[in-house]
Amino acid sequence: MKRVSLTQYLVEEQRLNNSIPAELRLLIEVVARACKTISHAVGKGALGEVLGTASTENIQGEVQKKLDILSNEILLEANEWGGHLAAMASEEMESIHPIPNRYPMGEYMLLFDPLDGSSNIDVNVSIGTIFSVLKAPDGMATPTEKDFMQAGNKQVAAGYAVYGPQTVLVLTTGNGVNCFTLDREMGSWVLTQRNMQIPPDTKEYAINASNARHWQPPVTRYVNEMQAGVTGPRGKDFNMRWIASMVADVHRILNRGGIFMYPADAREPDKPGKLRLMYEANPMSFIVEQAGGASTDGRQRMLDIQPTKLHQRVPVFLGSKNEVELVTRYHQE
């Protein structure tokens, strides 16, 4: 079988569908290269002295891991000088990161969660990187946070890397979803899955069940019905899977179906959820929809939400279309 590299895929995709201009291709390649560097650091683990906690907190008030900070630096440094970006935003940084004046300013803006699933770093469970690409607004002079306030349906590309037994990169540019596997000996990304599709029906769900007592009634109703199994209203048995790395949970769903839920709950009523709209929910929703799945915040399509804050949080329901539609209907009722 002829091996197709990431670069070859991007060039051919541009020829076929005119959807990946040269600037965007370069940007995706630089992000992919940064993910390769992060994968190397993650793979070294304790040998690279990158495990454990740093003595800092991020903007979310979460204690940072050493690898969080390292991954953030890798992505910033890799993407600064290429000339295809106007600005970046990271889950780990309070405000946006404009491209330094000594470099040319490009037409795209990059958002990322440099290392998703940080709680799993020190126990050697799969973690990953999530990224989202937006077009800079026309006539933008100096980038501001306001320029990033674009609904998810405006994304021109999104993807994630999973650092697991294999390192994989899953990518969409709005024309289906493809998966590349890192050939560690050759140092290259090789296309291994084309046009990934999420089955519309499933028997698997992912949710942190320890929060059940705090859930809102629609979520309780939905999960109770699944737990009732073959004799319950759903008429079939369901399995629960929860890795607590969004990238790993979504990657499983992309490969074999399922529904991922991170609902808002009663613990902090003023917080509309835990996951970040711009760094996690939007890129994952773009990928999931491109693979035939669905994604909502329980009330409306995720990609239609108009952001108002850089670090805005949302409830998330994504995955197999029929299940997402059902739990969304329960919320709307």
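The values are calculated or read from the model by the stated rules, or taken from the named source; none is laboratory data. Model, not experiment: these values are computed from the prediction. Please note: Cβ atoms are built from the backbone with ideal geometry, for glycine as well, and neighbour counts cover all protein chains shown.
State yes or no: is ASN255 under 26 Å from PHE112 (Cβ atoms), touching a residue at least 40 places away in the same chain (Cβ under 8 Å) and of a type outside the set (Phe, Trp, Tyr)? It is true that ASN255 is under 26 Å from PHE112 (Cβ atoms), touching a residue at least 40 places away in the same chain (Cβ under 8 Å) and of a type outside the set (Phe, Trp, Tyr).
Would you say PHE180 is buried (at least 23 other Cβ atoms within 10 Å of the Cβ), in the same structural domain as HIS40 (by TED's automatic domain parsing) and closer than 24 Å to TYR160 by Cβ? Yes: the conditions hold for PHE180.
Given the criteria over 22 Å from ARG25 (Cα atoms), outside the structural domain of MET261 (by TED's automatic domain parsing) and touching an Asp or Glu at 6+ places or on another chain (Cβ under 7 Å), does SER118 qualify? Lay out the reasoning, then the answer.
Details: over 22 Å from ARG25 (Cα atoms): yes; outside the structural domain of MET261 (by TED's automatic domain parsing): yes; touching an Asp or Glu at 6+ places or on another chain (Cβ under 7 Å): yes.
Here the answer is yes, as SER118 does meet what is asked.
Cβ-Cβ contacts under 6 Å between residues 6 or more apart (or on different chains), taken from a first residue in the range 24-45 that is modelled with pLDDT of 95 or more to a second residue that is part of a helix (DSSP H, G or I) and among the β-branched types (Val, Ile, Thr), are listed as ALA34/ILE74; THR37/ILE74; ILE38/ILE74.
Report yes if some residue within the range 270-289 is of a type in the set (A, V, I, L, M), over 18 Å from the mean Cα position of the chain (by Cα) and surrounded by 19 or more Cβ atoms within 10 Å (Cβ to Cβ); otherwise report no. The answer is no; no qualifying residue exists.
Scan the range 142-195 for residues that are more than 16 Å from the chain's Cα centre (by Cα) and not aromatic (Phe, Trp, Tyr) and report the count. Let's see the steps before the verdict.
Going through the range 142-195, the residues more than 16 Å from the chain's Cα centre (by Cα) turn out to be 142-150, 165-166, 175, 181-195.
Subsequent filtering for residues that are not aromatic (Phe, Trp, Tyr) retains 142-147, 149-150, 165-166, 175, 181-188, 190-195.
Selection size over the range 142-195: 25.
Those helices (runs of 4 or more DSSP H) of the range 196-296 in which at least 3 residues are modelled with pLDDT of 95 or more, more than 17 Å from LEU169 (Cα to Cα) and of a type outside the set (Asp, Glu), considering only elements entirely within it, cover 217-227.
Looking at MET109, is it assigned by TED's automatic domain parsing to the domain that holds GLN155, buried (at least 18 other Cβ atoms within 10 Å of the Cβ), over 30 Å from GLY45 (Cα atoms) and touching a strand residue (DSSP E or B) at 6+ places or on another chain (Cβ under 8 Å)?
Numbers: assigned by TED's automatic domain parsing to the domain that holds GLN155: yes; buried (at least 18 other Cβ atoms within 10 Å of the Cβ): yes; over 30 Å from GLY45 (Cα atoms): yes; touching a strand residue (DSSP E or B) at 6+ places or on another chain (Cβ under 8 Å): yes.
Yes, satisfied.
Checked against (1) surrounded by fewer than 21 Cβ atoms within 10 Å (Cβ to Cβ); (2) among the β-branched types (Val, Ile, Thr); (3) under 14 Å from the mean Cα position of the chain (by Cα), THR231 meets all criteria but (3).
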